[in-house]
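See structure below.
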Amino acid sequence: MKHIKKIRLAGFLFVALLLNSCNNSSDTIGESQIDASTPVLSDLDLWLRANFVAPYNIDISYLWGASNTDIARFLYPMQEEGVKRWSETIKKTWIDPYNELGGDDFISKITPRQMVYSGGFNFNPNSPTITLGLAEAGTRITFFNLDFLDYSNVNSIREPLKTLHHEYGHILNQKIPFTDDFGLITPGNYTAQWFNLGFDDFGNPDPRTYLNLGFITPYAASQDSEDFVEILSMMLTYSKGEFDTIVSSGNSTGQAQIREKQKIVVDYFQDNFGIDLFELQKLTNQALLDSLD
Amino acid sequence: MKKIIYTTFNLFILTLVLNSCEVDAVDPVFDEPPALRIRKDIQELKTILLSEPQGFSGIYFPNNSVVGGINFHMQFTEDLRVKMTSDFKEDTALTDSRYDIIAGTNAAELIFTTGSRHITDLVQDGAQFFNTFFGANSFQYVGEENGVITFKEIRSDGIFKMSPSGFTDFDTESVASANTTYANRQEFISTPLATAFPFLSMEKDGEIQGYDLNYNQFNIYALPSGFDSNDSPVEEKFGVAFTETGIIISPAVEFNGIQFEEFTLDTSSGFEYISQVEGATAKIGYSNSPPTPLDIYGYDSENEAAVLNMDEPYKHSGPYNTFFESFSNDIFFNSSLPGLQITNVIFWELNTGGISFIDIRTTYGNVFYDISFDFDETTGIVKFELTGVTNAPSFFTDAIQPLLDILIGSEAGYYTVNSGNYFNFPNKTFGLINIDDPRMKIDFWTF
């Protein structure tokens, strides 16, 4: 019993010494090393906050951040002068038409949360192609070559808007997938060499090379998910008359296949979102024309 | 027994206690953690950049492997805006864009957060024409020493050094300086003193090494090549930056232990940039004869025809282009043949054994002149002579005589030299260099 007491006493002494021996650190908690200062906001930043962040929870990232893009590509930030006009353009040609037909909160409910603007071309390595835009995880759309927009040329503005409608189509598809029957219309015509379509045997542009195969653009021939959003983006950046003219350039088989696909796209919008795609086409096409100089 | 247990236990406790008192010996390389050091660097850089109301001037060598140096002038303000100009393109007007100084991966970084074409043009041209990086928007802060701020561009190993501009009016003086250095860059290729033999030479203690400069105006880059005293090929490569008084090359070239980096323009005997270091001399300029053996084009054997290369004017010498432009203007306004234009010039029957002739095609029709030529395979020199057979009326010949003189009139003849391919086609191109006037290099493509 006596020994047990002694052992307990020794134990207490040991713990006391041990704790005391640990109390020789000179480290103290200093000032935080995280920079939490308020960023410098320009008039443009304030405008973007008021017109995109507040109403739609969309962040317009026009300031260069290497993490926003692929560092291995030849990319650079957009010139500041073009940011506001391009932002206004996408609001009028994309947000407003969708909200008008789908409800005031359509875009704010289903939207990419970040739009990244890049000035330079995104050249694809080992390929004669460039990437016009990217959609990532349904949360971010990146636009490339925005420094080269020419508002006096409808095609110059149409291309990035086509990218927007294309990528937004992917986001809608991620929320509600389209039916499998779409991919069964031209299953054997999809090709990884889609970029070779669009030219005749002499290298001259010839849309019939893809239209006859049942594709509205060469890129549509890459896979069914791209095919779906290519029809959507073409419809929303051309008038109905222009779209019909393009389709009618193909042979009868190609025309029928494209029309069959178009019906699935139109039904998809009507059934899932209550949007008449032909009405949306009118609004987006008019907005595109209104955005020009 | 109990005593032994008790003693052993106490010794064990004592050992533990003593061991626990051991203080970790820390010998830090840096006094502060990395994040704090980067934050201090950010503050330091910010203070430096804002300390010069008249901004900074410097040369950016984006990539020593592929492109030369660009002069930049930048003026930073507290609201994160930067005015800048450069001499990369002819348009030197100031741009107003944004910048930021942030904590990068392992250093403070200066980032140009919105596009200024003075930087983005570099990236674009590198991508479009050379499929490589000519620059970037993010620069690691290396440090400041004696007023010189050094940045490093990680992706392409670029170096950007800036120092206070010394201007009294940034807006006007920066643009004027960029205009001057841009003009100096153009002058190097278009000076009337430019011959077809741009060279680099280095001399020390009587020993001389000569190179064909192989300067490319599009990436402001030189790939000098030559042969040493043992006839072994030697090569250098460096980017060039044109300053207001000379050139700076990067990386420096070395000859017998001497490094040459800064050159000053000297036009007292031709057009030369000269660098003198410790009694050794390096020169970059133009000579009247080939500095190294030429890559001879087999004029009489390789092809049947040679066509004046009107589609790749940069393969001609600047003085020839100047001549041709002036000549074209003169004949167009010629009162006897108004509107006359040369549409093509072709040498025929070069390797067939037939009668060779020069075929001059114009808006008034085609004329030909039979010629004989003598080609020396060893020297690569070809000499021409008109035989007198032609379908051209004399008044027509009078009008185009200056062109004939340039193309075939050299008494000493012409050096022939390979100049690559016609665009991406397999057709070879070659140059004729007038020995009497080596400023005149005229390029042809063949079939």
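The values are calculated or read from the model by the stated rules, or taken from the named source; none is laboratory data. Remember, it's a predicted structure, so these values are computed and weren't measured experimentally. Cβ sites come from the backbone with ideal geometry, for glycine too, and all protein chains shown count toward neighbours. When the accessible area is computed, the model is the full protein with side chains, heavy atoms only, and any ligands, DNA or RNA have been set aside. Shrake-Rupley method; radii C 1.70, N 1.55, O 1.52, S 1.80 Å.
The helix-only estimate of mean residue ellipticity at 222 nm for chain B, built from DSSP H runs of length n ≥ 4 each weighted as -39500 (n - 2.57), is -7500 deg cm²/dmol after division by the residue total. Summing Cβ point charges (Lys, Arg +1; Asp, Glu -1) relative to the Cα centre of region B:192-287 gives a dipole of roughly 280 debye. For the peptide A:108-119, the mean number of other protein chain Cβ atoms found within 10 angstrom of a residue's Cβ is 1. Each of B:Phe12, B:Gln75, B:Phe368 was scored by the projection of its Cα onto the charge dipole of chain B, and the greatest displacement toward the positive side belongs to B:Phe12; charges sit on the C-beta of Lys, Arg, Asp and Glu.
Database remark: amide H of B:Ala108 closer than 5 angstrom to the amide H of B:Tyr141 (H placed geometrically; neighbours at sequence offset of 5 or more, or on other chains; Pro and chain starts carry no H). In a simple Cβ point-charge model (Lys, Arg +1; Asp, Glu -1; nothing else charged), region A:176-293 has a dipole of about 160 debye relative to its Cα centre. Using a probe of 1.4 Å, the accessible surface attributed to B:Tyr415 totals some 40 Å² when neighbouring protein chains are kept in position. Summing +1 for each Lys or Arg and -1 for each Asp or Glu among the other residues whose beta-carbon sits under 10 angstrom from that of B:Ala107 gives 0.
Given R₀ = 41 Å, what would the calculated FRET efficiency be for B:Glu187 paired with B:Gln341, taking r from the Cβ atoms and rounding to 0.05? Computed FRET efficiency for B:Glu187 and B:Gln341 comes out at 0.90.
Other protein chain C-beta atoms within 10 Å of residue C-beta, averaged over B:99-109: 1. Karplus-derived 3J(HN,Hα) values for region B:358-370, using 6.51 cos²θ - 1.76 cosθ + 1.60 with θ = phi - 60°, are 9, 10, 10, 9, 9, 5, 9, x, 9, 10, 10, 10, 5 Hz; glycine and proline are entered as x. Seen against the Cα atoms of chain B and their longest principal axis, helix B:2-20 is set at about 40 degrees. Once C-alpha pairs closer than 8 Å and six or more residues apart are averaged by separation and normalised to the residue number of chain B, the relative contact order reads 11 percent.
Between B:Gln259 and B:Ile4, the distance separating the two model label sites (each 7 Å from Cα on the Cα→Cβ line) works out to 7.5 nm. Between B:Asp266 and B:Thr15, the simple label model (points 7 Å from Cα in the Cβ direction) yields a spacing of 8.2 nm.
Return the average number of partner chain Cβ atoms within 10 angstrom of each residue Cβ along peptide B:115-123.
Counting Cβ atoms of other protein chains within 10 Å of each residue's Cβ and averaging gives 5.
Hey, what angle do you get for helix B:117-130 against the long axis of chain B, alpha-carbon based, 0 to 90 degrees rounded to 10? That helix lies at roughly 60 degrees to the long axis.
Using a cut-off of 10 Å between beta-carbons, work out the net charge of the residues near A:Thr142 (Lys and Arg +1, Asp and Glu -1, A:Thr142 not included).
With Lys, Arg at +1 and Asp, Glu at -1, the net is -2.
Relative to the 2.2 N^0.38 Å rule of thumb, region A:41-149 has a C-alpha radius of gyration ratio of 1.10. For region B:152-264, what class follows from the C-alpha gyration tensor (a ≥ b ≥ c being the square roots of its eigenvalues): rounded when a/c is under 1.5, otherwise prolate if a/b is larger than b/c, else oblate? Prolate is the answer for region B:152-264, as a/c is 1.5 or above and a/b outweighs b/c. Of the GluC sites (Glu not before Pro) found in region B:271-377, those that fall in a DSSP loop while having at most 16 other beta-carbon atoms within 10 Å are B:Glu278, B:Glu302, B:Glu304, B:Glu349, B:Glu377.
In deg cm²/dmol, rounded to 500, what helix-only [θ] at 222 nm does chain A give when every DSSP H run of at least 4 residues adds -39500 (n - 2.57) and the total is split over its residues?
After summing the helix terms and dividing by the residues of chain A, the value is -13500 deg cm²/dmol.
Counted by Cβ distance under 15 Å from A:Asn189, the other residues give a net charge of -3, where Lys and Arg count +1 and Asp and Glu count -1.
Applying the criteria of a DSSP loop state and at most 12 other Cβ atoms within 10 Å to the chymotrypsin sites (Phe, Trp or Tyr not before Pro) of region B:262-340 yields B:Phe333.
Taking square-rooted eigenvalues a ≥ b ≥ c of the alpha carbon gyration tensor, is chain A rounded, prolate or oblate, where a/c under 1.5 means rounded and, failing that, a/b exceeding b/c means prolate?
prolate
Which shape class, rounded, prolate or oblate, goes with the protein assembly as shown when its Cα gyration tensor gives a ≥ b ≥ c as root eigenvalues, a/c under 1.5 marks rounded, and past that a/b bigger than b/c marks prolate? Oblate is the answer for the protein assembly as shown, as a/c is 1.5 or above yet b/c matches or exceeds a/b. What is the angle, in °, between the Cα long axis of helix A:277-290 and the longest principal axis of the Cα atoms in chain A? Nearest 10 is fine, range 0 to 90. In chain A, helix A:277-290 runs at an angle near 90 degrees to the longest axis.
Determine, from the Cβ-Cβ distance of B:Ser51 and B:Thr322 and an R0 of 35 Å, the FRET efficiency 1/(1 + (r/R0)^6), rounded to the nearest 0.05.
The value I calculate is 0.15.
Its Cα centre serving as origin, region B:34-188 has a Cβ charge dipole (Lys and Arg +1, Asp and Glu -1) of approximately 460 debye. Here each label is just a point 7 Å from Cα along the line to Cβ, and for B:Asp374 and A:Ser127 those points are 6.1 nm apart.
Calculated FRET efficiency, B:Asp295 to B:Ile355, Cβ-Cβ distance, R0 = 30 Å: about 0.55 to the nearest 0.05.
Chain pair B, A: how much accessible area is buried, both chains summed, with a 1.4 Å probe, in Å² to 100?
2800
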